[in-house]
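A.B. asks: Below is the structure I would like to discuss, written out as structure tokens.
No lab work stands behind these numbers, since they all come straight from the coordinates. No experiment lies behind these values; they were computed from the predicted model shown. Counting neighbours? That spans all protein chains shown, and the Cβs are built from the backbone with ideal geometry, glycine included.
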Amino acid sequence: MRIFSFLPFRRVERRDRSTHRRTRPSRACPAHHRGLRLLCCAAVVALAAPSGLQGQWPGEVRGHVLDERTGVGISGARVTVAGTSLAVLSEGDGGFLLRPVDEGEAVVRVQRYGYAPTEASLEVRPGVTSPLTIRLRPAAVELDPVGVRAERTVVGATLLSRAEVIGSGATTLGELLDGVSGLSLVRRGVGGQETVTIRGAPASHTLVLVDGVPLNDPVTGVADLSTLSARAVESVEVLPGARGARFGPGAMGGVVLVRTRSGGPPLTGTVGVGSLGQLRAAVDGHSHLDRWRVSAGIRASKLDGGFGFEQDPRVGGGHAERVNADSEEYGVRLGVGSLRDRPGESWEVTLRGSRLERGVPGKSFAPSRHARQQLDQSAGRFRIERFLAAGDQPIELRMRAGVDHRRFHFIDPAPPLGPPFDDRSGALTLDLGTEFDGVSLVDGRVTAGVGFDARTLTLRSDVLDPAVASIRRVDAGVFAHAETEPLPLPLTPVLHGALRIDRSPEGPVASHELSVRAAIPAGGHLHLAHRSAFSPPSPGDQFFREGVGVVPNPDLRAERVPGEIELAASVPFGAGSFDGQFSALVFRGDIRDHIVWAPDFRFVWSPRNVDVRRRGWTLRSELRHPMGLAISGNVTRAEARYLREGAAPSSQLAYRPRLTGGFSASWSHARWRLSTGTRYVGSRFPVPAPVNELPGFWSTDLGVSGRGRLAGWEFEPSLRVDRLFDERSPFIFSIPEPGRTVRFEIDIRRAP
């Protein structure tokens with residue numbers, strides 16, 4: 001039964017492991033409540049302290065770039081703010097959003113091939129969205145190559161900027177993504193593993209790339225988002241759906257692109273305290289040396305994690321204590337790169353190291369009081385982006401290389417079930433990729449790109465079959481993509497296509513993406529896409545060590561999404577002084593040969609391939625007011641049913657809620673920011689059958705933060721309350737939640 005300790009959650013319940021260490025007793029409830037009262041008092045004092053200070057929240061500029069003669073929106077125009085590195089490209093309808101923009105007069109400059117450069121001035125107020133419309137005059141102008149790249153967010157995707165990352169108050173990447181439309185966060189207790197599922201697909205079908213390097217576990221294929229601090233994140237983009245044509249194996253449910261911080265204020269310090277004995281501290285800084293940019297950071301966090309809870313009546317009821325739930329984490333970072341304002345080229349080298357140690361308390365009715373988990377990780381990353389002159393159109397060259405080494409240690413000398421274990425694993429990943437983008441074809445009416453990437457994995461583990469205790473796997477692929485300029489047809493459609501061919505144990509595998517994007521009246525968009533993706537079996541599924549009642553299956557086939565279809569539309573609208581946008585999306589993307597764990601007639605468990613029907617829809621709406629008020633809401637229905645002989649028609653995959661949604665509101669003005677969010681997780685089944693249904697539940701959070709300046713320093717205190725109304729419903733049966741928790745943090749940094 002030792003295999004249950006490392007198998008992915010989506011296939012079988014597992015018993016986590018780690019180093020043995022005596023656990024501290026949990027704190028009594030009276031002390032816990034006194035601590036909360038002290039935290040609240042400290043928050044009030046800290047937030048009130050900047051009352052005489054002059055700090056401001058930055059504003060933003062939202063507008064359109066139009067053709068002066070026709071009035072049609074211009075896509076691909078470069079929009080910048082003079083004197084800053086802030087730059088974006090206008091969307092298909094000419095729309096753009098610049099943020100954050102400092103208070104005062106801002107000069108916005110716009111450049112586009114075939115048009116004369118134009119600039120406009122406007123007054124930017126803190127916490128206010130300033131509208132701006134710029135009309136470009138067609139002209140035959142010759143411009144130097146511009147070394148700026150901006151990502152375009154497609155309909156259905158979600159982009160979180162650095163300002164939104166900080167405003168969320170999240171401490172981990174998992175908390176940051178909680179509430180994103182179409183995504184479900186699965187947390188195995190406070191301080192435990194955090195994974196995400198997108199559109200009903202399992203966690204191993206979500207590819208999480210941190211600066212291009214997968215965060216996914218090399219044994220199980222699952223990414224633990226609790227291992228990445230939200231403070232280290234610069235931006236996050238969530239791309240739902242099958243994305244194999246661009247990102248390769250593993251991107252069957254969606255992709256999470258994380259870009260970490262490489263710059264910022266010269267010196268920043270963060271300290272924080274919270275419920276359950278939480279302590280956090282971090283120091284970051286960067287400096288310029290000649291033409292180099294150097295940045296460094298160090299962070300540490302600690303959590304006691306113990307609390308009292310009421311046991312579910314189905315497992316005996318009564319009061320119990322959550323113990324062995326503590327965690328400690330340390331991390332360091334060093335980066336060296338070129339200054340961003342150097343035209344035509346940028347490069348960066350980043351080194352990271354971290355250690356995470358935590359207890360694994362197990363199920364509430366079968367607690368593991370001595371199980372420990374330890375993860376040591378060290379990584380290096382080199383990235384270069386360079387613009388190459390090619391006639392009137394520069395070509396962007398992007399190259400990357402990375403190395404990632406991880407060591408896992410799981411131990412439990414006295415587990416509640418099964419024999420003791422002490423297992424170790426080590427994984428070394430090498431990554432290399434090159435891409436040429438912006439190649440002009442058909443007299444400039446088509447823009448294309450080509451590239452390749454390769455990733456090698458060397459894995460050694462005590463939990464694998466001794467005959468294959470060392471595994472070496474090479475994933476490599478070549479890809480190409482192309483996109484047209486808006487075609488001279490009704491709705492000015494833009495066509496996009498991508499094709500990728502990957503090396504796999506079953507031979508070459510092709511993944512594709514075909515899409516069309518069209519503008520509709522009033523500035524809206526239509527989007528239709530057809531995609532495919534695949535994922536080879538993980539080593540944990542094929543080569544684990546056989547145990548009592550569990551048998552490996554080395555003949556597993558690769559999982560595939562052969563043809564996912566997606567239709568989406570977004571429409572801007574106005575409601576009084578509000579500017580809004582509404583979007584709707586429907587999809588169907590069945591999974592072929594999905595790997596699940598199931599018993600045979602002898603009740604011997606083994607992984608096997610099963611087809612899954614997957615379909616659903618998402619509705620999302622956003623409203624913004626010039627006075628700094630923002631309101632958004634979303635609802636998603638994702639059906640993921642087994643299609644196997646003998647399965648009931650309503651057999652939803654285990655722990656895949658059909659319905660999820662949320663509502664959030666924030667208000668920013670002067671030096672204050674208030675935010676709140678409510679999330680709903682629908683009913684779900686803890687087993688792959690329509691029995692023992694767990695009811696849906698709501699959870700609400702509240703945040704307040706301030707900003708001020710004193711003696712050359714900026715202060716930004718913040719208070720966050722999770723599960724505001726003391727909601728205790730768990731996502732996973734018998735893994736309890738503590739209810740209301742409070743965190744207080746303060747950032748201190750040198751004023752620019």
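A.B. asks: What percent antiparallel are the DSSP beta bridges of the stretch 57-136, to the nearest 5?
C.D. replies: 70
A.B. asks: Counting alpha carbon pairs within less than 8 Å and at least 6 residues apart, what relative contact order, in whole percent, applies to the stretch 157-256?
C.D. replies: Contact order relative to length: 33 percent.
A.B. asks: Right, another one. With +1 on the Cβ of every Lys and Arg and -1 on the Cβ of every Asp and Glu, and nothing else charged, how large is the dipole of the stretch 57-136 about its Cα centre, in debye rounded to the nearest 20?
C.D. replies: 180
A.B. asks: Of Ile595, Ile411, Ile166, how do they rank once you tally other Cβ atoms within 10 Å and put the fewest first?
C.D. replies: With the sparsest Cβ surroundings first, the list reads Ile166, Ile411, Ile595.
A.B. asks: DSSP beta bridges in the stretch 157-256, what fraction antiparallel, as a percent rounded to 5?
C.D. replies: 85
A.B. asks: Still on this model: Loop only per DSSP, at most 16 neighbouring Cβ atoms within 10 Å: give me the chymotrypsin sites (Phe, Trp or Tyr not before Pro) in the stretch 702-752, ordered by residue number.
C.D. replies: Filter output for the stretch 702-752: Phe725.
A.B. asks: In the stretch 57-136, if the dipole is taken from +1 on Lys/Arg beta carbons and -1 on Asp/Glu beta carbons about the Cα centre, which of Gly114, Ser90, Gly63 is farthest to the positive end?
C.D. replies: Final value for the positive-end residue is Gly114.
A.B. asks: Oh, and also: Relative contact order of the stretch 651-703, please, whole-number percent, based on alpha carbon pairs below 8 angstrom and at least 6 residues apart.
C.D. replies: It rounds to 39 percent for the stretch 651-703.
A.B. asks: Rank these for me by crowding, Val474, Val190, Val509, going from fewest to most other beta carbons within 10 Å.
C.D. replies: Going from least to most buried by this count: Val474, Val509, Val190.
A.B. asks: Taking 0.36 nm per residue of separation and subtracting the Cα-Cα distance, what length does fully extending Val72 through Ser577 add?
C.D. replies: 179.4 nm is the gain from fully extending Val72 to Ser577.
A.B. asks: For the stretch 230-253 and the stretch 423-477, what is the separation of their Cα centres, given in Å?
C.D. replies: If you average the Cα positions of each part, the centres end up 15 Å apart.
A.B. asks: Cα gyration tensor of the stretch 57-136, axes a ≥ b ≥ c as square roots of the eigenvalues: rounded (a/c below 1.5), prolate (a/b > b/c) or oblate?
C.D. replies: Judged from the Cα gyration tensor, the stretch 57-136 comes out prolate (a/c at least 1.5, a/b above b/c).
A.B. asks: Right, here's the next one. Would you list Leu489, Leu643, Leu375 from fewest to most Cβ contacts within 10 Å?
C.D. replies: Placing the least packed residue first, the sequence is Leu489, Leu643, Leu375.
A.B. asks: Next up: Where in the stretch 281-357 are there trypsin sites (Lys or Arg not before Pro) that are in a DSSP coil and have at most 16 other Cβ atoms within 10 angstrom of their Cβ?
C.D. replies: Arg291, Arg340
A.B. asks: Okay, next question. In percent, how large is the relative contact order of the stretch 356-430, given Cα pairs closer than 8 Å and 6 or more residues apart?
C.D. replies: It comes to 29 percent, rounded to a whole number.
A.B. asks: Further question: Give me a comma-separated list of calculated 3J(HN,Hα) values for the stretch 723-734, in order, Karplus coefficients 6.51, -1.76, 1.60 applied at θ = phi - 60°, integers in Hz, x for any Gly or Pro.
C.D. replies: 3J(HN,Hα) across the stretch 723-734, in whole Hz: 6, 3, 9, 6, 5, 10, 5, x, 6, 9, 4, 6.
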